[in-house]
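The values are calculated or read from the model by the stated rules, or taken from the named source; none is laboratory data. Note that the structure is a prediction, hence the values are computed from the model and not measured. We place every Cβ from the backbone using ideal geometry, glycine too, and count neighbours over all the protein chains shown.
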Amino acid sequence: MDFKNKNVLITGASRGIGKATAMAFAAKGASVGINYRSNTEEAQNTLDSLAGDGHQLFQKDIGQKKAAKELIQEFISEFGSLDVLVNNAGISIFHDLEEVDFDTWAHAWENTFKTNLFAVANLCYWAAKAMIPHGGGRIINVSSRGAFRGEPTKPAYGASKAALNSMSQSLAKKLAPHKIYVGVVAPGFTETEMAAVTLTPAERDNLLRESPFKRMAQPKEVAHAILFLASEGAEYSSGTIIDVNGASYLRS
């Protein structure tokens, strides 16, 4: 896979899957825009880790409606065009129905959908508007196995990712005549910095037992699937959802 002369924007790219994806694209010659919300130090560390030069940081809270248009416009102002958009940013809020009050429950649904679905929809809109005059592009959305298996203690997360899958496939149909190809990568639990901090030993053991590989995904493995969908030759895979969960959840 060669991404020389390609301009790639990745949301939520200061760490985890986003960082691994930025590093993978940069290693293949792409110019990379790293979107992040607040942690400038982490974002700068990611920028410094990228191969090549010409990469840039874009600080925007994509959960804010106007930020989607601003982010796409600022990226194009700096790079000239947008070839690949990777919508990786997302949130996951605990809201077990048996344990939280209604305000907490409602807050979780509103904020999860604002970031995981509405922000992605807005970014897809402005990215497509920018790609059409330039002859097309790629949009890759990062979903989750939770869209298929359910998330009992975080139902808004599972629902937002299921909606993301459906939206992505609708856009794959709509945008194909414009040579804009839309794909989805649905990881299982991934070995990120956040996982290292938030998982208890018991939770980690349970997760490791879910996969016959007896481990979690590495961020670079998720990045590999993202790069495939963004690559030349993968056009006819538009509308595809690639599972990267180590056979921990199999769907028919």
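Annotations
- Of the residues making up region 34-58, those that are surrounded by 20 or more Cβ atoms within 10 Å (Cβ to Cβ) and assigned to a strand (DSSP E or B) number 4.
- Test result for Asn35, closer than 22 Å to Ala163 by Cα and at pLDDT 95 or above: no
- When region 89-119 is limited to residues that are of a type in the set (Val, Ile, Thr) and more than 21 Å from Val222 (Cβ to Cβ), the one that is farthest from the chain's Cα centre (by Cα) turns out to be Val100.
This table checks each residue for (1) acidic (Asp, Glu); (2) assigned to a helix (DSSP H, G or I); (3) at pLDDT 95 or above.
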residue: Leu175; (1), (2), (3): no, yes, yes
residue: Glu221; (1), (2), (3): yes, yes, yes
residue: Ile226; (1), (2), (3): no, yes, yes
residue: Gly233; (1), (2), (3): no, no, yes
residue: Gly246; (1), (2), (3): no, no, yes
residue: Arg251; (1), (2), (3): no, no, no
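- The condition of being out of contact with any strand residue (DSSP E or B) (no Cβ under 7 Å at 6 or more places or on another chain) and either part of a helix (DSSP H, G or I) or closer than 25 Å to Ser238 by Cα (or both) holds for Ser77.
- One residue alone among Asp83, Asp96, Asp101 is of a type in the set (Asp, Glu), at pLDDT 95 or above and within 24 Å of Ser168 (Cα to Cα), and that residue is Asp83.
- Qualifying residue in region 209-217 (condition: among the aromatic types (Phe, Trp, Tyr), touching a residue at least 24 places away in the same chain (Cβ under 8 Å) and not in a loop (DSSP other than H, G, I, E, B)): no
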